[in-house]
Amino acid sequence: MPMIRMNDFKSEPEDLIRAQVAAAERIIRSGWFVLGPEVEAFEKQWAEASAAKFSIGVANGMDAIELGLRASGIVPGDEIITTPMTAFASTLAIIRAGATPVLADIDETSGLLSPESAARCIGPKTKGILLVHLYGQVRDMPKWLDLCGSHKIQLFEDCAQAHLASADGRTAGNFGPWGAYSFYPTKNLGCIGDGGALNTNSSELDAKVRVLRNYGQSKRYYHPTLGMNSRLDELQAGILMTRLAKLKPFTERRKDISQRYHAEIKNSAIRLLAPPQTRDSHVHHLFVVLTDARERLQQHMKDKGVEALIHYPVPVHKQEPCAEIKRDPNGLKAVERYADRCLSVPIHPQMSDADVKTVIDALNGFK
Ligand SMILES: *Cc1c(COP(=O)(O)O)cnc(C)c1O
């Protein structure tokens, strides 16, 4: 019996594989490989799909965050509050932008940043909060908008796991000045290499990021500002358009699987996170369970033919270069407990109903 993996690109629909091969051939024959018509077309399609006025294709999700921060006027000395339970790239992007990350603790019922802890981290140097829509969940946005509004700080969104998630009629990336997306292959919308985008509704930010992503070049060979090399390839843009055509049905499949997990996983040794506030507010990039016996559960799942991985085993403040990082004065106890207990089980769109049952039975059979 083959393992049920966290991702299974090889079993994707044949029409999708053929569309990707056709896109690759079209681009190879076009002779134009970086920032061209494919990138422009994808930027338009992605902006429309994610309900943003503008989308700027960049090299990866981490760069999208850095470019967003730089375009928003974040400079050395500015503090940005974020979560220690995320891909390391969230924090690294803040550091790369020259700013100072400050880590707040998490809410153990969702794995997301705790608004109470974030409020304790706000000081005179705080310029913004980088909210990570972890696992694909957009939660408690009125609270975050209130907190940022009352302290006159900006709300930045790391949407790398939250393609198409929406709450209160707003799609992720539209709650503050911008939202940063990653198209790393395993993300809900992924390419066949690295890619990312910054979404914004501000024509001013759009113009700034377009200059910053290309060496700070305003017109050919003129550099009014010091930018980066963070351009999106034509090949990745072409592939992304074929995959964007499948994103809605793939996302609905993730939501259906999550609904079954929430209804059918019943085991007192395993705790589920809070269910989504609405069906559309969570796109289930990952499905995470909590247990005091993680190592045993991971091995048990493997024995039952199910791959299970840890996202993330080491919170940011426990990483070697981050030992001295600024944090909530009350400490980061919740995230430390959480990082020892979280385990992700497969929830990708290629899973059959039988696969879903295998995962549920394996979890329910754990003692
Ligand atoms: C993947 C990811 C990133 C970084 O994206 P890359 O494209 O790998 O640079 C940032 N934040 C979160 C939450 C992610 O999951």
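Quick one: ranking Ile310, Ile257 by accessible area, 1.4 Å probe, largest first, what do you get?
Greatest to least solvent exposure: Ile310, Ile257.
How large is the translational diffusion coefficient of the chain in µm² per second when you combine the Kirkwood radius over alpha carbon pairs with Stokes-Einstein at 4 °C and 1.567 mPa s?
Rounded to a whole number, D works out at 61 µm²/s.
In whole percent, what relative contact order does the chain give with Cα contacts below 8 Å and a gap of six or more residues?
Normalised by residue count, the contact order of the chain is 24 percent.
For n ≥ 4 DSSP H runs only, could you compute -39500 (n - 2.57) per run for the chain, divide by its residues and tell me the 222 nm figure to the nearest 500?
For the chain, the value works out to -12000 deg cm²/dmol.
With charges set only on the Cβ (+1 for Lys and Arg, -1 for Asp and Glu), what does the dipole of the stretch 79-186 come to about its Cα centre, in debye to the nearest 20?
340
Tell me, what % of the accessible area of the stretch 133-263 is carbon and sulfur with a 1.4 angstrom probe?
Looking at the stretch 133-263 in its full context, I get 51 percent from C and S.
Taking a 1.4 Å probe, which of Phe33, Phe54, Phe250, Phe183 shows the most accessible area, and what order do the others take after it?
Phe33, Phe54, Phe250, Phe183
In the neighborhood of Asp107, defined by Cβ-to-Cβ distances under 15 Å, what is the net charge if each Lys or Arg adds +1 and each Asp or Glu adds -1?
+1
As I understand it, the dipole of the stretch 59-173 uses +1 on the Cβ of Lys and Arg and -1 on the Cβ of Asp and Glu, about the Cα centre. Which of Ala97, Tyr135, Ile122 lies farthest toward its positive end?
Ala97
For the stretch 218-340, just list the percent of Cα-Cα distances falling in each 10 Å bin from zero outward, please.
Taking every Cα pair in the stretch 218-340, the percentages come to 9, 24, 26, 26, 11, 4, 0.
With every protein chain present, what accessible area does Leu155 have (1.4 Å probe, heavy atoms only), rounded to the nearest 10 Å²?
10
What does the highest-first list of 121-131, 143-153 look like by mean Cβ count within 10 Å?
Descending mean neighbour count gives 121-131, 143-153.
With a length cut of 27 Å (Cα positions projected on each helix's long axis) and a Kyte-Doolittle mean of at least 0.0, go through the chain and give me the DSSP H helices that pass.
Helix filter hits for the chain: none.
Answer with one residue from Ala172, Tyr221, Phe88: the one whose Cα lies farthest towards the positive end of the charge dipole of the chain, charges on Cβ with Lys, Arg +1 and Asp, Glu -1.
The Cα lying farthest towards the positive end belongs to Tyr221.
Nearest 20 debye, what's the magnitude of the dipole of the chain about its Cα centre given +1 on Lys and Arg Cβ and -1 on Asp and Glu Cβ?
140
The values are calculated or read from the model by the stated rules, or taken from the named source; none is laboratory data. All figures in this text were calculated on a predicted structure; none of them were measured in a lab. Neighbour counts run over all protein chains shown; Cβ positions are idealised from the backbone, glycine included. Protein only, heavy atoms only, side chains kept; ligands, DNA and RNA dropped before computing areas. Shrake-Rupley method; radii C 1.70, N 1.55, O 1.52, S 1.80 Å.
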